[in-house]
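Worksheet for the structure shown next.
The values are calculated or read from the model by the stated rules, or taken from the named source; none is laboratory data. Predicted, not measured: the structure shown is a model, and the values here were computed from it. Every residue, glycine as well, gets a Cβ built from its backbone with ideal geometry; the counts of neighbours run over all protein chains shown.
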């Protein structure tokens, strides 16, 4: 992930820093990346972080405030269906094909993980592609569009 480090010179400036303003600026940058299309070319722009710090080197005390800003939708986003485990929608063969295709794409791109990607299924075969390949990847309008999100968390929800 990419982000911003704001290092302050005094504890007072650390405490008085306008965190709301920092969050609003980060949200604006994320929204601009979405609306300009830059996030499709570089999805890492959606995963920015903020780090506000102060280090009292004489007393060996360190203060920090860390966050991952997220966009807020005032009216909320309705949950159409409850999340389900992958194995309820994909067969074991499809799950293995998904993992293999994802790993191959990561290797091809020289990355350890891709946070967002496209998925296309045909019976037991599953193909994965970058967001920038949307038009070519889903050229057949009858394809079911699946948008993949890599989440390393092992919690069920």
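Count, please, the residues in the stretch 35-50 that happen to be out of contact with any helix residue (DSSP H, G or I) (no Cβ under 7 Å at 6 or more places or on another chain), under 22 Å from residue 111 (Cα atoms) and assigned to a helix (DSSP H, G or I).
Going through the stretch 35-50 one residue at a time, the tally reaches 1.
Can you spot a residue in the stretch 7-24 that is part of a loop (DSSP other than H, G, I, E, B) and surrounded by 11 or more Cβ atoms within 10 Å (Cβ to Cβ)?
Looking through the stretch 7-24, at least one residue is part of a loop (DSSP other than H, G, I, E, B) and surrounded by 11 or more Cβ atoms within 10 Å (Cβ to Cβ).
Please pick out the residue among 54, 90, 49 that is surrounded by 14 or more Cβ atoms within 10 Å (Cβ to Cβ) and under 15 Å from the mean Cα position of the chain (by Cα).
Result: 49 is the single residue among 54, 90, 49 that is surrounded by 14 or more Cβ atoms within 10 Å (Cβ to Cβ) and under 15 Å from the mean Cα position of the chain (by Cα).
Determine which member of the set 117, 147 is over 30 Å from residue 17 (Cα atoms), within 21 Å of the chain's Cα centre (by Cα), surrounded by fewer than 11 Cβ atoms within 10 Å (Cβ to Cβ) and in contact (Cβ under 8 Å) with a residue 12 or more places away in the chain.
Result: 147 is the single residue among 117, 147 that is over 30 Å from residue 17 (Cα atoms), within 21 Å of the chain's Cα centre (by Cα), surrounded by fewer than 11 Cβ atoms within 10 Å (Cβ to Cβ) and in contact (Cβ under 8 Å) with a residue 12 or more places away in the chain.
So, in the stretch 69-97, exactly how many residues are modelled with pLDDT under 90 and touching a strand residue (DSSP E or B) at 6+ places or on another chain (Cβ under 6 Å)?
0
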